[in-house]
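*Asks:* Below is one structure. I have some questions about it.
The values are calculated or read from the model by the stated rules, or taken from the named source; none is laboratory data. Please read all numbers here as calculations on a predicted model, not as lab measurements. Positions of Cβ are backbone-derived with ideal geometry, glycine not excepted, and every protein chain shown enters the neighbour counts. Please note that ligands, DNA and RNA were not included when accessible areas were found on the heavy atoms of the full protein model with its side chains. Shrake-Rupley method; radii C 1.70, N 1.55, O 1.52, S 1.80 Å.
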Amino acid sequence: MKKDFAVIGLGRFGGSICRELSREGMEVLALDLDEDKVNEYRDIASHAVIADSTDESVLKELGFRNIDHVIVAIGDNIQASMLTTLILKEMGLKMITVKAQNDYHEKILNKIGADQVVHPERDMGKRIAHNIISNNILDYIELSDDHSVVEVKAGDKMGGRTLVDLDIRAEYGCNVVAIKRDRDVIVSPMATEEIKESDVLIVIGADKDISRFEKNLVLED
Ligand code: ATP
């Protein structure tokens, strides 16, 4: 079933979401206060409108009630971001994703009832930092304040050994949930699976455990 999206705030973040959703063939309503920004998205989004999202009557008139997922990507104006989220929540929207500018903003958005709060600069910073530490750390995704998923190259420390031999669960408290091998993905690999150097392991665990796992089995000596 096709979903309807709306993106409020067409800065770099909102703009990029709008482009990507449209490229994927989704129905997207793009909204911004700024006429130039809206003009930029006229040929990209399904509809592009100049409006103030803090005006409840405007959102109602535009039919926001029927939209499946709204992305609030207003940055600097934290007050407008919070007010918009609150109005959308009161209108009964099913799914609201909001971009937070800082931790304080994030806390309030969670209290207001945003379904998903994203912090792109902070999260991207963390992912890049992990990748800079080692070329073998391909990706890093935060699941909660203290749990993450990492995507790591097996390399020579794990290549040629089995999961039971490495004893990752007992030794580090982390779980290898999948192994990517060429074009295949081995989900929930068996303990007897022999890892190849070129394999990519998807590992889940508490941050402190992941750090120990990375230090001992991923980082180059
Ligand atoms: P980015 O980093 O993604 O470029 P930013 O964090 O700098 O964005 P801003 O440029 O402050 O974010 O805001 C994003 C957009 O939100 C702007 O184009 C701005 O015009 C729009 N915006 C701000 N307030 C409102 C509002 N009340 N209604 C609609 N759009 C708004």
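*Asks:* Going by accessible area, probe 1.4 Å, with all protein chains left in place, what is the ranking of 54, 97, largest first?
*Replies:* 54, 97
*Asks:* Using a probe radius of 1.4 Å on heavy atoms only, what accessible surface per residue do you get for the stretch 1-92? Whole Å² is fine.
*Replies:* Dividing the accessible area of the stretch 1-92 by its residue count gives 54 Å².
*Asks:* Separation of the stretch 77-153 and the stretch 1-22 by C-alpha centroid, Å?
*Replies:* Between the Cα centres of the stretch 77-153 and the stretch 1-22 lies a distance of 16 Å.
*Asks:* Counting Lys and Arg as +1 and Asp and Glu as -1, each charge on the Cβ, what is the dipole of the chain about the Cα centre in debye, to the nearest 20? Please report the intermediate quantities before stating the final value.
*Replies:* Working: 28 positive and 42 negative charges, 58 e Å.
The calculation lands at about 280 debye.
*Asks:* List the lysines whose Cα sits under 21 Å from the Cα of residue 208, skipping any in the same chain fewer than 8 residues away.
*Replies:* Within the straight-line limit of under 21 Å, residue 208 reaches these lysines: 126, 153, 157.
*Asks:* With all protein chains present, how much of the accessible area of the stretch 63-119 (probe radius 1.4 Å) comes from carbon and sulfur, to the nearest whole percent?
*Replies:* Working: 1350 of 2740 Å².
Carbon-and-sulfur percentage of accessible area, whole number: 49.
*Asks:* To the nearest 20 debye, what is the magnitude of the charge dipole of the stretch 4-118 about its Cα centre, counting +1 on the Cβ of each Lys and Arg and -1 on the Cβ of each Asp and Glu?
*Replies:* Charge dipole of the stretch 4-118: 340 debye, to the nearest 20.
*Asks:* Can you tell me which lysines have their Cα less than 17 Å from the Cα of residue 60? Leave out same-chain residues fewer than eight positions away.
*Replies:* 89, 94
*Asks:* Of 189, 203, 125, whose Cα points farthest to the positive end of the dipole of the stretch 122-218 (charges on the beta-carbon: +1 Lys, Arg; -1 Asp, Glu; origin at the Cα centre)?
*Replies:* Going by the Cα projections, it comes out as 125.
*Asks:* Whenever you get a sec, line up 5, 213 from highest to lowest accessible area (probe 1.4 Å, protein heavy atoms).
*Replies:* Working: 5 25, 213 0 Å².
Descending accessible area places them as 5, 213.
*Asks:* For the full complex of protein chains and a 1.4 angstrom probe, list 162, 192, 85 by accessible area with the highest value first.
*Replies:* Output order, biggest surface exposure first: 192, 162, 85.
*Asks:* Another question, then. Restricting to the chain, compute how many DSSP beta bridges are antiparallel as a %, nearest 5.
*Replies:* On the way: 22 of 41 bridges.
Taking every DSSP beta bridge with both residues in the chain, the antiparallel ones total about 55 percent.
*Asks:* Could you give the length gained by full extension between residue 207 and residue 183, i.e. 0.36 nm per residue of separation minus their alpha carbon distance, to one decimal place?
*Replies:* Length gained, residue 207 through residue 183: 5.8 nm.
*Asks:* For the chain, what value does the Rg/Rh ratio take when both radii are computed over Cα atoms and Rh is the Kirkwood radius, given to two decimals?
*Replies:* My calculation puts Rg/Rh at 1.09.
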